[in-house]
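Okay, so here's the structure we're looking at.
The values are calculated or read from the model by the stated rules, or taken from the named source; none is laboratory data. Small disclaimer: the values here were computed from a predicted structure and weren't measured. A quick note on method: Cβ atoms are made from the backbone with ideal geometry, for glycine too, and the neighbour counts reach across all protein chains shown.
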Amino acid sequence: MAIDYRRLKGWEFDEQVTRYKEEDCIRYALSLGMASDPLDEADLKYVHEDDLRVVPTFLATVGAPGAWASDPRTGIDWMQILHGEHRMRFHGALAGAGAVHSKTRVSRVVDKGAGKGALVVTERSITDHNSGEPLATVEHVSFCRADGGFTTRDTPGDAAPEALLPVPLGEPDVAMEMPTLPSAALLYRLNGDRNPIHALPAAARQAGFERPILHGLCTYGMAARAVLRHACGGQPARLASLSARFSAPVIPGETLRAEMWRVEDQVRFRVVAKERDVVVLSHGTADIRHP
């Protein structure tokens, strides 16, 4: 079964209201490795309920539409999907507890050509459930490796999203090393993503990995952690956006090195698995607000 462009563009998602507590925000921060040094005053602000600060990428874990592309009616070969890129724009600071309203739509279906795959982009708008104030816009770019070549004269498909930029040449302005625990994926999955390839060795081997791998969105959140510390003065409201491409899987227990370049009001970044010297998150861009 092939992708049906019109069916995908008109796909109906249930709107969601998600309530969260301080414990959810704290667990998320801990799953990113924050406060691994329990005497680090900067990190303690994210893991203690007094005047709790919330990592903005926490919103990647609440109100997502789930495994909707596994529905056979999409025409997508579910087992061949990769999470290609993730882009988030933050409109307002998040309270330590509350409720958010999420509304999702398919914004783009891009045909890269027969044998070259397709891109399916979902856009999720997140608002405060009580006030209606916008909180974030999330773009999830899925690379559907087996689904290219669906366009016809009547259904040409959409243009690709604006390309993400590579990091500048030369040495980074600053780098931050973040060790991960061998059990990191088992902790991060408590944020809601229970895909067994992150927990069960047999499931990981079936998917082509030697052992369970870390969630891509955990690596993404760890990049946010580094940008918050080194470019935002630890102030979540100063992070206006975060975009990156998933380049390679992370093995729990590896040390991640976030390398950052300051370019005017942006930080360009990449994340490297230090022990293998492999770029696991590339084409990273964060927009920074002035204090």
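Quick check on residue 285: is it in contact with a Phe, Trp or Tyr (Cβ under 9 Å, 6 or more places away or on another chain) and modelled with pLDDT of 95 or more?
Details: in contact with a Phe, Trp or Tyr (Cβ under 9 Å, 6 or more places away or on another chain): yes; modelled with pLDDT of 95 or more: yes.
Yes: the conditions hold for residue 285.
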- Among the residues of region 96-117, is there at least one that is among the basic types (Lys, Arg), under 26 Å from residue 206 (Cα atoms), over 19 Å from the mean Cα position of the chain (by Cα) and part of a loop (DSSP other than H, G, I, E, B)? yes
- Identify, by number, the condition in (1) within 20 Å of residue 85 (Cβ to Cβ); (2) in contact with a Gly (Cβ under 9 Å, 6 or more places away or on another chain); (3) not small (Gly, Ala, Ser) that residue 266 doesn't meet. (2)
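Among 124, 145, which is in contact with a strand residue (DSSP E or B) (Cβ under 9 Å, 6 or more places away or on another chain) and closer than 23 Å to residue 242 by Cβ? Outline the logic, then answer.
Numbers: 145 fails: closer than 23 Å to residue 242 by Cβ.
Only one candidate qualifies: 124.
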- In this structure, does residue 275 turn out to be of a type in the set (Asp, Glu) and free of Cβ contacts under 8 Å to residues at least 40 places away in the same chain? yes
- Message: Test of understanding: among 262, 268, 257, 289, which residue is within 27 Å of residue 27 (Cβ to Cβ) and in contact (Cβ under 8 Å) with a residue 60 or more places away in the chain?
- Response: 257
- Could you list all residues from region 248-266 that are closer than 14 Å to residue 283 by Cα and buried (at least 18 other Cβ atoms within 10 Å of the Cβ)? 258, 259, 260, 261
- Item | Leading residue by the ranking (farthest from the chain's Cα centre (by Cα)) among those in region 236-274 that are more than 22 Å from residue 54 (Cα to Cα) and among the hydroxyl-bearing types (Ser, Thr, Tyr) | 255
